[in-house]
Amino acid sequence: MADLVFEDKDASGKVAIAVFREQAPSAEAHFFDFSCSVPGDMIVVGGGGIGARTPQGALLTASYPR
């Protein structure tokens with residue numbers, strides 16, 4: 001399960017906004033698919049990623065909800 005970084009609600013109190021963070025358990029040369037698990041009462045509407053700068057850098061080719 002991803003770590004909750006930030007959570008808030010809109011002015012109506014009906015819509016929750018949250019930011020989660022998931023880190024790879026180990027350094028890999030290639031990840032063909034890496035997912036982030038969120039609680040069942042949340043839906044994913046966006047994504048993103050940050051790659052390590054060392055030792056060779058990183059190239060993120062896609063970020064999408066399942």
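The values are calculated or read from the model by the stated rules, or taken from the named source; none is laboratory data. As the structure is a prediction and not an experimental result, all values here were calculated from the model. Heads up, the Cβs are rebuilt from the backbone with ideal geometry, glycines too, and the neighbour counts pull from every protein chain shown. Only protein heavy atoms, including side chains, enter the accessible area calculation; ligands, DNA and RNA are left aside. Shrake-Rupley method; radii C 1.70, N 1.55, O 1.52, S 1.80 Å.
Could you please report the charge total around Asp3, scoring K, R as +1 and D, E as -1 over all other residues with beta-carbon less than 11 angstrom from its beta-carbon? Residues near Asp3 contribute 0 overall. The phi torsions of region 15-22, fed into the Karplus equation with coefficients 6.51, -1.76 and 1.60 and a -60° offset, translate into couplings of 10, 9, 10, 9, 10, 10, 10, 10 Hz, rounded to whole numbers, with Gly and Pro shown as x. Measuring nothing but protein heavy atoms, the accessible surface of the chain at 1.4 Å probe radius is 54 percent carbon and sulfur. Starting from the amide H of Phe20, placed 1.01 Å from N in the peptide plane, find each other amide H under 5 Å away whose residue is 5 or more places distant or on another chain. Sorted by chain and number, the residues that satisfy this are Val5. In sequence order, region 40-48 has phi-based couplings of x, 8, 10, 10, 8, 10, x, x, x Hz under the Karplus curve 6.51 cos²θ - 1.76 cosθ + 1.60, θ = phi - 60°, and Gly or Pro positions carry x.
Stokes-Einstein diffusion coefficient for the chain at 10 °C in a medium of 1.306 mPa s, Rh from the Kirkwood formula over Cα pairs: what value in µm²/s? Intermediate values should be presented prior to the final figure.
On the way: Rh = 13.8 Å.
It comes out at roughly 115 µm²/s.
Rolling a 1.4 Å sphere over the protein heavy atoms, what is the accessible area per residue of the chain, to the nearest Å²?
Working: 6050 Å² over 66 residues.
Ligands and nucleic acids excluded, the figure is 92 Å² per residue.
Given contacts defined as C-alpha pairs under 8 Å and at least six residues apart, what's the relative contact order of the chain, whole-number percent?
Working: 62 pairs, mean separation 16.0, N = 66.
So the answer I get is 24 percent.
Residues in region 51-56 carry Karplus couplings, in order, of x, 5, 7, 10, x, 10 Hz; the curve used is 6.51 cos²θ - 1.76 cosθ + 1.60 with θ = phi - 60°, and Gly or Pro positions show x.
On the basis of the beta-carbon distance and an R0 of 30 Å, His30 and Phe6 show a calculated FRET efficiency of 0.50. Over all other residues within a Cβ to Cβ distance under 15 Å of Ser35, the charged ones net out to -2, with Lys and Arg as +1 and Asp and Glu as -1.
Under unit Cβ charges (Lys, Arg +1; Asp, Glu -1), what dipole magnitude, rounded to 20 debye, does the chain have relative to its Cα centre?
On the way: 5 positive and 8 negative charges, 26 e Å.
It comes to approximately 120 debye.
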